[in-house]
């Protein structure tokens with residue numbers, strides 16, 4: 001059975017389905033060159049990209065291939081980014097984790113907190129056996145987030161991305177159900 005986009009809560013975040021009202025915040029997030037520095041595509045320059053992102057959110061849920069969740073700080077309701085579980089494969093019991101956090105929210109542990117919540121849902125509710133994640137090898141902060149929640153670096157995809165003429169490598173991380181430790185992950 002395909003996953004339905006849940007609403008998850010952590011100590012400081014509410015992870016919820018996206019709505020049409022998130023378009024401006026999404027555009028602000030993805031149009032930031034700083035935020036998109038290590039992304040696999042350039043920063044957005046057209047507001048229509050936010051609408052396409054929201055359409056894809058609905059499509060991947062309808063197809064049963066994943067979910068994307070908006071991250072809202074519970075203290076003030078501010079949008080701080082998103083976290084996703086995509087490429088869900090029920091036959092292999094696997095999926096991929098991704099996230100994008102606003103630069104003003106960096107260094108506060110929100111990515112770790114959101115990833116932990118999504119992983120708990122992935123392993124406990126969806127019964128996944130493996131979750132994979134990828135990050136640009138220059139993005140050491142993202143690699144640290146993945147390691148904090150239990151991922152193991154499994155390899156390097158050499159020269160996997162070319163964005164704005166800049167070639168970059170990608171690290172592949174994996175987390176297995178038997179390695180998942182929800183009580184010690186932050």
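The values are calculated or read from the model by the stated rules, or taken from the named source; none is laboratory data. Owing to the predicted nature of the structure, the values given are computational and were not obtained by experimental measurement. Cβ coordinates were reconstructed from backbone atoms using ideal geometry, including for glycine residues, and neighbour counts include every protein chain displayed.
Miscellaneous remarks
- Against the test of being more than 22 Å from residue 23 (Cβ to Cβ) and not in a helix (DSSP H, G or I), the options 88, 82 yield a single qualifying residue, 88.
- Yes/no for residue 84 being crowded, with 19+ Cβ neighbours inside 10 Å, on the phi < 0 side of the Ramachandran plot, in contact with a strand residue (DSSP E or B) (Cβ under 6 Å, 6 or more places away or on another chain) and free of Cβ contacts under 8 Å to residues at least 40 places away in the same chain: yes
- Filtering region 133-147 to residues that are surrounded by 17 or more Cβ atoms within 10 Å (Cβ to Cβ) and farther than 18 Å from residue 36 by Cβ leaves only 146.
- The residue that is surrounded by the fewest Cβ atoms within 10 Å (Cβ to Cβ), counting only those in region 98-112 that are touching a strand residue (DSSP E or B) at 6+ places or on another chain (Cβ under 6 Å) and without any contact (Cβ under 8 Å) to a residue 60 or more places away in the chain, is 105.
- Top-ranked residue in region 151-186 [being modelled with pLDDT of 90 or more and touching a helix residue (DSSP H, G or I) at 6+ places or on another chain (Cβ under 6 Å); ranked as nearest to residue 138 (Cα to Cα)]: 173
- Here residue 133 clears all of (1) assigned to a helix (DSSP H, G or I); (2) closer than 17 Å to residue 40 by Cβ; (3) without any contact (Cβ under 8 Å) to a residue 60 or more places away in the chain; (4) within 12 Å of the chain's Cα centre (by Cα) except the condition numbered (1).
- Search result, residues across region 161-182 that are touching a residue at least 12 places away in the same chain (Cβ under 8 Å) and in a strand (DSSP E or B): 161, 163, 168, 169, 170, 171, 172, 173, 174, 175, 176
- Single unsatisfied condition, residue 115 versus (1) touching a helix residue (DSSP H, G or I) at 6+ places or on another chain (Cβ under 7 Å); (2) free of Cβ contacts under 8 Å to residues at least 40 places away in the same chain; (3) over 24 Å from residue 31 (Cβ atoms); (4) not in a loop (DSSP other than H, G, I, E, B): (3)
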